[in-house]
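In what follows, a structure is listed as structure tokens, so that the remarks can point back to it.
The values are calculated or read from the model by the stated rules, or taken from the named source; none is laboratory data. Everything numeric in this text was worked out from a predicted model, so none of it was measured. Counting neighbours? That spans all protein chains shown, and the Cβs are built from the backbone with ideal geometry, glycine included. To get the accessible areas, we keep the full protein, side chains included, count just its heavy atoms, and leave off ligands, DNA and RNA. Shrake-Rupley method; radii C 1.70, N 1.55, O 1.52, S 1.80 Å.
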Amino acid sequence: MRAIDFFCGGGGMTNGLIQAGINVIAGVDLDSEAKETYEINNSPAKFVNEDITKLSLEYFEKEFNVHRNDDEMIFVGCSPCQFYSIIRSSKEKSRKTKDLLLYFEKFVKYYNPGYILVENVPGIMSNKETILHDFLQKLDQLGYGNKENGRCIYDVVNMKNYGIPQNRRRFSLIATRLDRQVHLPVKDDNELCVQDIIGDENLFPRIEAGTRDSNKLRFHSVRSLSDVNMRRIQRVHHDGGTRMDFKDDPDLQLKCYEGKDNSFRDVYGRMFWRRPSPTITTKFLSISNGRFGHPEQDRGISIREGAALQSFPYDYRFETDSITTAARLIGNAVPPEYGRRLGQTILEINR
């Protein structure tokens, strides 16, 4: 089976599908900074640096010899999800990405692939401005079925149930126009935790805040901390402590959190060793943006630790000198392990 990964970013979904044994022909993304990372890890898949809203429908026919009505073809549409995210941010900045699934649907209509995969934030199901209902209706009209006839399945799933040591709830969909009954990947009985993944000091040696790893493959680099933030993290108890540990210190307490002990409790917190991590976002390098403190070392988590918690293989190269860019590629990615399980599921359905 073959696939095209629309909105591919740094290649999380692509890598997972390749691990499952699916031939990913190409990934499409507007982010030029993702190109080197995508291609060096996922060869021979090619990175198409294009805006899907401007890309011609015939492009894949002409450039990759993709045939229409190919039963063995998978189209993947994991469009940017900031507009539907529950994270408080300006929705006006992300509004232009709100309807990208409908542009993806135009390529589905033109090529009529055998299978469709979609992954997004849970908010795409509940946001009052969501285009999900229109998208599902169009899929049904194109012959991809619906929940009633079993050829389309979607739900909100948590990555911690699929071999990923992370609380990460996502909308997940598989649909087919073939005479098949589809299902989402089967859940695991056992959850992995932070210690299972980044607790080995041989793989993740102790480092200090501000360390820049000269080994580009390892990339065990971490953001520096200001003096006051270093004093804050030093006061936070190991293994799951929170900002409550310094709230009564007038030199450390933040004005914006005074009287708000029950709000934003995760910021400046440490991860728990024996629990899944919180959602790895594009801001995971900053302890002020969530529970991204290392469980016991006085620092945030590193690029390589964030990638590992997202289930990227240890030898996955992030081809950038910027830790901010690397964190964005990691935080925006579909965890490769979930992509692998989606790929395996489709292969089983298609037998």
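For region 323-351, which positions are without any contact (Cβ under 8 Å) to a residue 60 or more places away in the chain and farther than 15 Å from THR281 by Cβ? Once the filter is applied, which keeps residues that are without any contact (Cβ under 8 Å) to a residue 60 or more places away in the chain and farther than 15 Å from THR281 by Cβ, region 323-351 yields GLU348, ARG351.
If only residues of region 65-82 that are at pLDDT 95 or above and open to solvent by 50 Å² or more (accessible area, probe 1.4 Å) are counted, the one that is nearest to the chain's Cα centre (by Cα) is GLU72. Taking every residue in region 58-71 that is part of a helix (DSSP H, G or I) and among the hydroxyl-bearing types (Ser, Thr, Tyr) and pairing it with any residue that is open to solvent by 70 Å² or more (accessible area, probe 1.4 Å) and modelled with pLDDT of 95 or more, at least 6 positions away or on another chain, the pairs with Cβ-Cβ distances below 8 Å are TYR59/GLU50. The listed residues are LEU347, LEU342, LEU252, and the only one of them that is open to solvent by less than 20 Å² (accessible area, probe 1.4 Å) and closer than 22 Å to THR14 by Cβ turns out to be LEU342.
Among residues of region 83-111 being in a helix (DSSP H, G or I) and more than 19 Å from ASP5 (Cα to Cα), the one that is modelled with the lowest pLDDT is TYR84.
Here CYS256 fulfils each of the conditions (1) outside any strand (DSSP E or B); (2) in contact (Cβ under 8 Å) with a residue 24 or more places away in the chain; (3) not aliphatic (A, V, I, L, M) apart from (2). Say whether the condition of being open to solvent by less than 10 Å² (accessible area, probe 1.4 Å) and over 16 Å from the mean Cα position of the chain (by Cα) is met by at least one residue in region 6-21. No - not one qualifying residue is present in region 6-21.
Take GLN234 and tell me if it is in contact with an Asp or Glu (Cβ under 6 Å, 6 or more places away or on another chain), modelled with pLDDT of 95 or more and open to solvent by 30 Å² or more (accessible area, probe 1.4 Å). It is true that GLN234 is in contact with an Asp or Glu (Cβ under 6 Å, 6 or more places away or on another chain), modelled with pLDDT of 95 or more and open to solvent by 30 Å² or more (accessible area, probe 1.4 Å).
For (1) surrounded by 14 or more Cβ atoms within 10 Å (Cβ to Cβ); (2) on the phi < 0 side of the Ramachandran plot; (3) of a type in the set (Ser, Thr, Tyr), each residue gets a yes or a no:
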{"residue": "HIS133", "(1), (2), (3)": "no, yes, no"}
{"residue": "LEU136", "(1), (2), (3)": "yes, yes, no"}
{"residue": "ASP140", "(1), (2), (3)": "yes, yes, no"}
{"residue": "VAL156", "(1), (2), (3)": "yes, yes, no"}
{"residue": "ARG177", "(1), (2), (3)": "yes, yes, no"}
{"residue": "VAL194", "(1), (2), (3)": "yes, yes, no"}
{"residue": "ASP200", "(1), (2), (3)": "no, yes, no"}
{"residue": "PHE204", "(1), (2), (3)": "yes, yes, no"}
{"residue": "SER214", "(1), (2), (3)": "no, yes, yes"}
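The residue pairs whose first member lies in region 288-307 and is in contact (Cβ under 8 Å) with a residue 60 or more places away in the chain and among the hydrophobic types (A, V, I, L, M, F, W, C), whose second member is assigned to a helix (DSSP H, G or I) and open to solvent by 10 Å² or more (accessible area, probe 1.4 Å), and whose beta carbons are closer than 8 Å, counting only pairs six or more residues apart or on different chains, are ILE303/ILE323.
Do we have ILE116 as buried (at least 21 other Cβ atoms within 10 Å of the Cβ), closer than 24 Å to LEU178 by Cα, modelled with pLDDT of 95 or more and touching a Pro at 6+ places or on another chain (Cβ under 9 Å) here? The answer is no for ILE116.
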